[in-house]
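Below is one structure, written out as structure tokens, with a few remarks after it.
Just so you know, all these numbers are worked out from the coordinates, no wet-lab data involved. If you're wondering where the values come from, they're calculated on a predicted model, not measured in any experiment. Backbone-built Cβ (ideal geometry, glycine too); neighbour counts: all protein chains shown.
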């Protein structure tokens with residue numbers, strides 16, 4: 001009960017007029033940051049960090065975390081409207097969100113995305129409120145082997161997701177792994193595959209690849225199809241929001257499952273990206289309309305968005321209680337805490353009650369404010385699609401170029417983005433799925449690092465991946481996910497051959 | 001100013017309050033100053049850079065805004081190359097850590113600190129030998145005995161990065177004690193500390209700021225500091241113990257000293273007025289209470305050096321790294 005008393009005290013702090021104003025400003029800035037691809041939450045928070053130094057720490061963290069929420073909301077907008085994910089965890093949202101927008105259901109997709117984001121975040125905050133100290137210790141059980149097992153599960157649950165032949169999926173994934181290997185090998189400290197180009201020291205940034213593969217690739221495809229940007233009949237009134245809300249409760253099971261996946265992945269240091277992919281993959285397999293995923297199913301938007309937000313919110317818990325950021329944005333927030341003289345870690349909850357509970361209360365309020373702000377803008381966003389393609393395409397191109405440039409302030413990245421655009425176009429023409437490629441770029445180097453750290457620790461024995469209950473369970477789930485789809489497809493083929 | 005226009009534009013918004021206050025030096029920045037961090041966001045160098053940015057903004061120490069930019073590619077090589085290739089641009093400074101020496105030596109990236117203009121040493125970062133508080137080792141000797149008794153390579157030392165400061169210290173500890181660790185590299189110091197709390201590794205050489213929270217939470221125990229003398233901070237931190245109460249490793253029979261440079265360099269071919277401007281700026285930063293608090297929270301060694309002293313210190317340290325890395329077999333062999 002002490003938690004509840006603390007929480008109400010926190011609400012009192014968060015509801016001060018100045019803090020509410022700060023909240024609104026933060027959300028709006030965050031949405032803008034989220035809409036610009038490349039200028040993700042981490043960059044945005046880092047840039048605006050100095051702005052908060054003159055504020056009291058609680059107001060400052062409220063503002064920064066609201067920028068974070070805003071960016072999370074905003075990331076879905078470009079994913080759905082233009083097939084350009086602004087953040088890694090928005091990639092899975094494009095799979096069904098973009099087809100929905102093309103069918104003139106952009107308003108529905110946006111409403112579903114925003115509402116699910118809110119639900120996911122709310123679920124995670126409630127969890128943080130109730131079981132914070134208990135859950136934090138769970139993260140401690142995650143060594144390199146456990147981390148690898150989580151990535152393994154993410155990859156495996158994804159292989160069966162594709163409608164393409166599994167070998168095309170695996171080929172695309174391998175290409176992603178190869179791209180992820182470029183740059184500094186963090187285990188040996190040697191440079192790999194850079195061929196002496198200093199531009200490649202950092203490897204291929206995920207955002208550049210995604211902006212190119214999805215954004216530019218999509219524009220090339222649309223051009224080929226005759227400059228016909230579908231989705232012009234998007235409804236642009238607020239009633240869409242209410243109509244969509246009416247249908248959402250029927251998907252409560254998907255929401256709940258995604259919330260749980262998201263919270264779990266957020267607390268383990270895996271983060272929001274595997275959460276969104278895994279949630280999408282699992283929902284595709286168990287949902288009634290799973291076979292139609294990828295053609296504009298609303299559940300295909302709900303699942304990844306809910307999980308990503310639950311994970312993004314839950315990731316703040318290990319940051320506060322252990323000092324380990326679960327996402328790049330959390331890492332920047334961590335830097336902010338230190339500047340205000342707050343030491344994240346086990347003692348923060350004891351010594352800085354007002355701050356911690358003010359922050360938690362602001363998570364409730366910030367998300368609510370965020371939901372209202374973005375929902376009222378749904379008609380405006382949907383209206384963007386009514387602009388003729390010949391006008392919107394150059395704008396998207398400019399937006400993509402700015403996004404690619406702002407990741408590292410480098411014109412080389414803009415060139416790279418264009419190359420990825422052509423690559424994305426070619427792969428699509430040959431029916432290679434892009435999603436596994438992107439997943440491998442995002443998680444490939446992390447998975448490799450965890451794999452090699454595990455083997456270093458076990459002196460080369462693969463047994464480390466089955467050395468305790470936790471890691472074995474995750475690995476077995478992964479293997480089941482992997483072979484389930486293979487067996488299913490083999491069975492179908494066999495039956496077809498017999499018939 | 002063609003680079004990072006967008007970042008600068010946004011930062012200018014956040015730095016609107018930065019105005020007024022004439023600098024005493026004759027040269028002053030005419031454009032926003034880029035502050036390069038050759039490491040990722042959230043790490044030690046990044047925290048320091050962002051603290052400095054915050055102090056400068058809050059106290060209006062500079063008319064132009066300061067923009068922190070992370071260029072962490074290739075163990076920081078990306079950042080160093082960027083500054084090296086901005087010859088004659090006085091609006092670009094860089095904060096360094098030990099990768100100033102280790103990155104060119106380990107990877108063969110064409111870069112040396114001599115390509116840059118030294119400005120000032122801001123502080124030195126300490127390294128402490130940490131173990132999990134649940135383990136029965138209370139002194140360096142307890143721990144070394146256990147490592148000696150265990151089969152070679154079964155005791156795991158975690159650290160930040162590969163062939164960088166943490167691994168150099170690990171190899172030096174192995175040499176000094178005749179033991180063998182398995183070194184496991186992680187991306188960041190905070191992660192290492194948590195892996196140690198979770199017992200996935202047996203010890204670490206985290207900087208104080210990376211592990212202090214876990215120490216205060218009763219999860220980690222410091223055994224010794226890799227400095228010639230104990231740290232200067234006598235305020236109790238955890239269990240009534242202060243940083244000062246951690247003995248030096250040398251006094252515990254572990255003869256190894258290592259301090260990491262937290263210093264500032266700027267682009268090649270900077271004039272004396274330009275260097276003096278930044279020296280003066282950082283002197284003002286050092287006088288603020290925020291800076292003192294930051295130094296205390298990370299138990300930094302607050303040695304400050306400029307000019308020839310600084311250049312000389314860096315030169316000696318570079319030679320030392322060459323020797324240490326050669327002994328450890330970390331030098332790039334040209335593939």
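A few points about this structure:
- Counting only DSSP beta bridges whose two residues both lie in the protein assembly as shown, roughly 60 percent are antiparallel.
- All alpha carbon pair distances within segment A:61-188 were sorted into 10 Å bins beginning at 0; the resulting P(r) in whole percents reads 10, 25, 35, 25, 4, 0.
- Computed Kirkwood radius, in angstrom, where 1/r is averaged over Cα pairs of the protein assembly as shown: 27.4
- Nearest 10 degrees, 0 to 90: helix B:307-328 Cα axis against chain B principal axis: 40
- Using the Cβ-Cβ distance between residue A:291 and residue A:9 with R0 = 56 Å, the FRET efficiency computed as 1/(1 + (r/R0)^6) comes to roughly 0.65.
- The label-point distance for residue A:380 and residue B:141, in a model that sets each label 7 Å from Cα toward Cβ, rounds to 7.2 nm.
- Here segment A:2-498 is described by how far its Cα atoms reach on the three principal axes: 67, 60, 50 Å, from widest to narrowest.
- Calculation over all alpha carbon pairs of segment A:235-279 in 10 angstrom steps from 0 returns a P(r) of 26, 32, 28, 13, 1 percent.
- Distance between modelled label sites at residue A:494 and residue A:130, nm, 7 Å Cα→Cβ extension: 4.4
- Alpha-carbon centroids, segment A:371-421 and segment B:77-146: separation in whole Å: 38
- Overall form of segment B:186-335 per C-alpha gyration tensor (a/c, 1.5; a/b vs b/c): oblate
- Rounded to 5, the percent of DSSP beta bridges in chain B classed as antiparallel: 60
- Relative contact order of segment A:2-498, pairs being alpha-carbon contacts under 8 Å that are 6 or more residues apart, as %: 29
- Legend: ranking of residues A:174, A:319 from fewest to most surrounding C-beta atoms inside 10 Å; resulting order A:174, A:319.
- You can think of it this way: the chain between residue B:280 and residue B:323 has 12.1 nm of extra reach, that is 0.36 nm per residue less the Cα-Cα gap.
- For segment B:147-206 and segment B:49-68, distance of Cα centres in Å: 36
- Peptides ranked, highest mean first, by Cβ atoms within 10 Å: ranges A:104-114, B:244-254, B:285-295: A:104-114, B:244-254, B:285-295
- The Cα atoms of segment B:191-255 give a gyration tensor whose axes a ≥ b ≥ c have a/c of 1.5 or more with a/b no greater than b/c, which makes the shape oblate.
- Relative contact order (percent, whole number), chain B, Cα cutoff 8 Å, 6+ residue spacing: 24
- Reciprocal mean inverse distance between Cα atoms of chain B - Kirkwood radius, Å: 20.7
- Cβ neighbours within 10 Å from other chains - mean over B:63-73: 4
- Cα-based shape type of segment B:139-268, given that a ≥ b ≥ c are square roots of the gyration tensor eigenvalues and the cut on a/c is 1.5: rounded
- Across all Cα atoms of segment A:265-411, the radius of gyration (one decimal) and Dmax (whole number) stand at 19.4, 58 Å.
- Taken along the Cα-to-beta-carbon direction at a fixed 7 Å, the label points for residue A:25 and residue A:387 span 2.8 nm.
- Most fluctuating residue given options B:40, B:263, B:178, as computed from a GNM of chain B linking Cα atoms under 10 Å: B:178
- Ranked by the mean number of other Cβ atoms within 10 Å of their residues, highest first, the peptides B:197-204, B:267-274, A:181-188 fall in the order B:197-204, A:181-188, B:267-274.
- Residues within the reach of a label modelled at residue A:351 (point 7 angstrom out along Cα to beta-carbon, backbone nitrogen below 20 Å), restricted to segment B:259-303, are B:289-301.
- With a 10 Å cut-off around each Cβ of B:216-222, the average count of Cβ atoms from other chains is 3.
- Take A:196-207, A:425-436, A:304-315 and order them by the average number of nearby Cβ atoms within 10 Å per residue, most first; the result is A:304-315, A:196-207, A:425-436.
- Partner shielding of A:403-414 amounts to 3, given as the average count of beta-carbon atoms from other chains within 10 Å of each residue beta-carbon.
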